[in-house]
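Accompanying notes for the structure given below.
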DNA sequence: TATTACAGACCGACCAGTCGGTACGATGAA
DNA sequence: TTCATCGTACCGACTGGTCGGTCTGTAATA
């Protein structure tokens, strides 16, 4: 049993506790008690409670960017890229739901230097999505009436908010929810020109959405 | 000067500080110093720091529900109601941006009894929006392919997330952003049957969205 | 005189972080 | 092979300081 290195054990324990009670709702003592170690063990592995919080942030956002970038690289059209990025998020979500909660809930408590390191990556993620939207608009697959930056934030909001309500034991999987999001987002953006491709990627397009 | 009752002064000060540094980033001492009063003054007006947090929550969510309900009552069709609710949120947002930030950031730190009181009202808000979507689907103005409850959460996410990025001094007002959201949401939901009414409410529908 | 509204010294609990110490495997000289 | 040495990983009592909340006192008002 108990073969995992201590650092990993502390990270996992802290993550679980932060997720349940928030960063300030959990003391270092609680963490070390739960992880069956000691203050010494903790501070041997982390410079501070703050650094621990940072590491939780970083592992998630790094992974999220990586997956989104993979999705972007794998496909070549804006429509398919958009779908792939939305899909990639479901994978990230399945693995990192607790991280995400902590990420969006506790990031204000990161010290300044950590904060800005995280912000750089956060912007990177947003930028990638915004690029896809802009490319789609340029090609005429997406409507030009809506500004790309606001649309991007609308999509990010829709996705990110799931951490507040998604229930692993609920009736829908994250993947099914993402499919619905794809449906909504594509319908909100697509032009007549883009429809043929959208039909292939989202089921409800095949039932022609212009008739009820 | 300084004619406001102390309780109000404390509320406003605390709100501002919570907004900047988070509930746990601000001590009661800091609050009373900034509000130019004392611990005595504070605990004369509030039973605990916790109750103060609750009051900030309650004043916002109560107002938000009221405005959404008004919007609902004032209009009679799902499409116009949806637009009105989205519009109502901008007003709430202008007045209560700080409250909203605190609301979504710190609600986990409310004690259980306060927590559930707030949850009741939060559900009320969601339910109202979900009703509108369902009615729209029943009447054939909104597409039936997307489940009403998930669509509701998508919209709520889109709206609520604005508290993370909206900048009062930015290039767009909250009202302009809401107009874009209306555009996106209506395009994602509307059926051919609903279009004539949507045209009246959102500009970009008049440039027929089926041609580019 | 009684009550309300506030002041501010004070208290006990708790908390992040420190520090002197230990357990133990690796290394290397005899 | 044996034993001294050293470095790493970890332990847990302790500290300095902060925090939410209390309590006694007082000035103003009614």
Being surrounded by fewer than 16 Cβ atoms within 10 Å (Cβ to Cβ), more than 13 Å from DNA strand D (Cβ to nearest atom) and free of Cβ contacts under 8 Å to residues at least 24 places away in the same chain is the filter here; which residues of region B:48-74 pass it? B:66, B:70, B:73, B:74
Would you tally the residues in region B:123-144 being surrounded by fewer than 19 Cβ atoms within 10 Å (Cβ to Cβ) and either within 16 Å of residue A:166 (Cβ to Cβ) or at the interface with chain A (Cβ under 7 Å from one of its Cβ atoms) (or both)? 2
Can you tell which of B:82, B:110 is touching a residue at least 12 places away in the same chain (Cβ under 8 Å), closer than 24 Å to residue A:101 by Cβ and either in the same structural domain as residue B:186 (by TED's automatic domain parsing) or within 17 Å of the chain's Cα centre (by Cα) (or both)? B:110
In region B:4-47, how many are within 13 Å of DNA strand D (Cβ to nearest atom) and either more than 16 Å from residue A:24 (Cβ to Cβ) or in contact (Cβ under 8 Å) with a residue 40 or more places away in the chain (or both)? 22
Considering each of A:154, A:148 in turn, give the residue that is facing another protein chain (nearest Cβ under 10 Å) and modelled with pLDDT of 95 or more. A:154
Hey, residue A:114 farther than 18 Å from residue A:160 by Cα and within 16 Å of DNA strand D (Cβ to nearest atom) or not: no
Could you say whether any residue in region A:190-210 is facing chain B (nearest Cβ under 7 Å), closer than 20 Å to residue B:179 by Cα and surrounded by fewer than 21 Cβ atoms within 10 Å (Cβ to Cβ)? yes
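The values are calculated or read from the model by the stated rules, or taken from the named source; none is laboratory data. Predicted, not measured: the structure shown is a model, and the values here were computed from it. Cβ: placed from backbone, ideal geometry, glycine included. Neighbour counts: every protein chain shown.
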